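Asks: Before I ask anything, here is the structure I am working with.
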Amino acid sequence: MITFFATPKPFRGHIGVIQRNAIQSWKLTHPDAEVILFGNEEGAAEVAAGLGARHEPEVDRNSHGTPLLSSLFERADRLARHGRLCFLNADILLTEDFLAASARLAQLRERSLMVGRRCDVDIKEPLDFSKPDWRESVRSLARERGRLRPPQWIDYFVFPRDLLRAQVPDFADGRPGYDNWLLWKVRSMGVPVVDATPVVLAIHQNHDYSHHQGGENTFWNGAEAQQNYALLGKGHFATLDNATHCLKPNGLRPNHYHWVALAKRKAQRIRSAAWFALLDLTRPLRRLLGLRQRHSPEAPR
């Protein structure tokens, strides 16, 4: 069985609606599924009580008041009732395929990390979970109108207890970079990273960034994002293209392409380093000639 854990945003307006939808869908994956909501954000205690989830208000935070990923993983590892954990964003809807995939992988490769791509869908209203066909309704909506995101967007992580104990840095939760680091870290430990996209439809309920102070630009480029990027570091980046295995309907298969993805990223880093080295070398001459620096199409901006 599984323990889900997350840090929801304040339960206001649309973001409150979709978080309630998501959390209730986790509870309905199995009668014994455990859900732990960390943090004391507005409405968290009331929603946890109403949906039968466990509320843990205490979590370590950074100077901006954002929960730290290290604290979330450490506390979940210590408090969870079940031996299999799932950290995920609080706007992800799950249906019956998720738990089935997790159980299959636990039998095939218990010590592994299960991840997958998300499918973005517009959902504005509370779902009616009393309807027996609610699962098929949201899955049909996702198949018809959803948008499957690229391999660098990872919103759920399933792993056995103690796999990442005392391993996770002080990333700001909900800011960029930590998801790519988690995939890199597990790979570096020699543990299989398994892409479950072919067998799991993880439904992300679209939302804006009005809940985030400073909006979308600050989310991606603000002080907390920059701190996360610094923790991510050079070379500690992986996406689903780097998964070592793929979980398919007919079983677990090696992902031979992951070596190609690693080689391409390494080659891009070498090209970028060479470009900036050339810029440094030619800077005096370019200044003398009055030439402005031009960005290489391969260089990050």
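Nothing in this text is a laboratory measurement; each read-out follows from the coordinates by a stated rule. As the structure is a computational prediction, the values presented were derived from the model and not from experiment. All Cβ positions, glycine included, derive from the backbone under ideal geometry; neighbour counts span all protein chains shown.
Asks: Could you compute the net charge surrounding ALA33? Neighbours are other residues with a C-beta less than 14 Å from the C-beta of ALA33; K and R count +1, D and E count -1.
Replies: +1
Asks: Separate question: Tell me, what HN-Hα J-couplings in whole Hz come from the Karplus equation 6.51 cos²θ - 1.76 cosθ + 1.60 at θ = phi - 60° for each residue of region 101-108, using x for Gly and Pro?
Replies: Once θ is set to phi - 60°, the couplings for region 101-108 become 5, 4, 5, 4, 5, 4, 6, 7 Hz.
Asks: Per-residue counts of other Cβ atoms within 10 Å, averaged by peptide: what ranking do you get for 12-20, 237-245, highest first?
Replies: 237-245, 12-20
Asks: As I understand it, the dipole of region 1-70 uses +1 on the Cβ of Lys and Arg and -1 on the Cβ of Asp and Glu, about the Cα centre. Which of GLY16, GLY50, TRP26 lies farthest toward its positive end?
Replies: Of the listed residues, the answer is GLY16.
Asks: Treat every Asp and Glu Cβ in region 1-154 as -1 and every Lys and Arg Cβ as +1, leave all other atoms uncharged, and give the resulting dipole magnitude about the Cα centre to the nearest 20 debye.
Replies: 460 debye
Asks: Per-residue HN-Hα couplings for region 32-45, Karplus 6.51 cos²θ - 1.76 cosθ + 1.60 at θ = phi - 60°, whole Hz, x for Gly and Pro?
Replies: Computed from phi, the couplings for region 32-45 are 9, 5, 9, 10, 10, 9, 9, x, 10, 4, 3, x, 4, 5 Hz.
Asks: Next question. What list of ³J(HN,Hα) values in whole Hz, one per residue of region 182-196 in order, does the Karplus curve 6.51 cos²θ - 1.76 cosθ + 1.60 (θ = phi - 60°) give from phi, with Gly and Pro shown as x?
Replies: Once θ is set to phi - 60°, the couplings for region 182-196 become 4, 5, 4, 4, 5, 4, 5, 7, x, 9, x, 9, 10, 7, 9 Hz.
Asks: Hey, another quick one. In terms of modelled amide H atoms, which long-range or inter-chain residues lie less than 5 Å from the amide H of PHE4?
Replies: GLU34, VAL35, ILE36, CYS86
Asks: Now, a different point. Taking the Cα centre of region 60-114 as origin, work out the dipole magnitude from +1 charges on Lys and Arg Cβ and -1 charges on Asp and Glu Cβ, in debye rounded to 20.
Replies: Here region 60-114 has a charge dipole of around 220 debye.
Asks: For region 3-70, with only Lys/Arg (+1) and Asp/Glu (-1) charged at the beta-carbon, what is the dipole magnitude about the Cα centre, in debye rounded to 20?
Replies: 240 debye
Asks: When the label point is put 7 Å from the Cα of ASP162 along its Cα-to-beta-carbon vector, which residues of region 1-20 have a backbone N closer than 19 Å?
Replies: It comes to 1-3, nothing else.
Asks: Next question. Rounded, prolate or oblate, given the Cα gyration tensor of region 139-258, with a/c below 1.5 counting as rounded?
Replies: Judged from the Cα gyration tensor, region 139-258 comes out oblate (a/c at least 1.5, b/c at or above a/b).
Asks: Rounded to the nearest 0.05, what FRET efficiency do ARG253 and ASP122 have when you use their Cβ-Cβ distance and R0 = 35 Å?
Replies: 0.60
Asks: Taking region 24-61, which GluC sites (Glu not before Pro) meet the DSSP loop condition and have no more than 10 other C-beta atoms within 10 Å?
Replies: GLU58
Asks: Counting other Cβ atoms within 10 Å, keep those with at most 14, restrict to DSSP loop, and tell me which trypsin sites (Lys or Arg not before Pro) in region 77-144 are left.
Replies: ARG81, ARG111, LYS124
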